[in-house]
Amino acid sequence: MEKNKLLAESIENIKEDRILTLELLNELRKEISSGSTSHGKAGNTAAKYVETLQRSNEQLVKVLALLQKGEKGKYDTSLSEEETNNIFELIQDNG
């Protein structure tokens with residue numbers, strides 16, 4: 001599968017997972033607020049939902065880092081040490 005297609009699919013999956021997790025977390029908050037369940041009973045479940053959201057944040061940060069790394073390599077105009085030395089030698093030879 002093409003890299004860009006996989007990347008888009010991964011980001012879409014992360015977004016869908018976040019939406020579902022937020023919905024579940026909101027439902028749980030409503031249950032706690034209404035008194036149909038106690039915070040003590042639902043606390044562990046709520047914590048797991050929050051952990052899922054944190055992991056999705058980490059996934060998005062990793063995807064962004066990969067994209068930035070790819071863009072840097074694509075447009076990086078800095079010179080390596082070898083290239084710098086070669087230019088310096090050319091200047092000295094022509095000077």
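Rule-based calculations on the coordinates, nothing more; no lab input. Note that this is a predicted model, so its numbers are computed, not measured. Here Cβ is always computed from backbone atoms with ideal geometry, including for glycine, and neighbour counts include all displayed protein chains.
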Which ordering of 38, 56 is given by a fewest-first count of other beta-carbon atoms within 10 Å? 38, 56
Do the alpha carbons of any pairs in 3/69; 3/48; 41/62 sit beyond 26 Å of each other, and which pairs? 3/48; 41/62
Calculate the spin-label point distance for residue 60 paired with residue 8, positioning each point 7 Å from the Cα along the beta-carbon direction, and give it in nanometres. 2.0
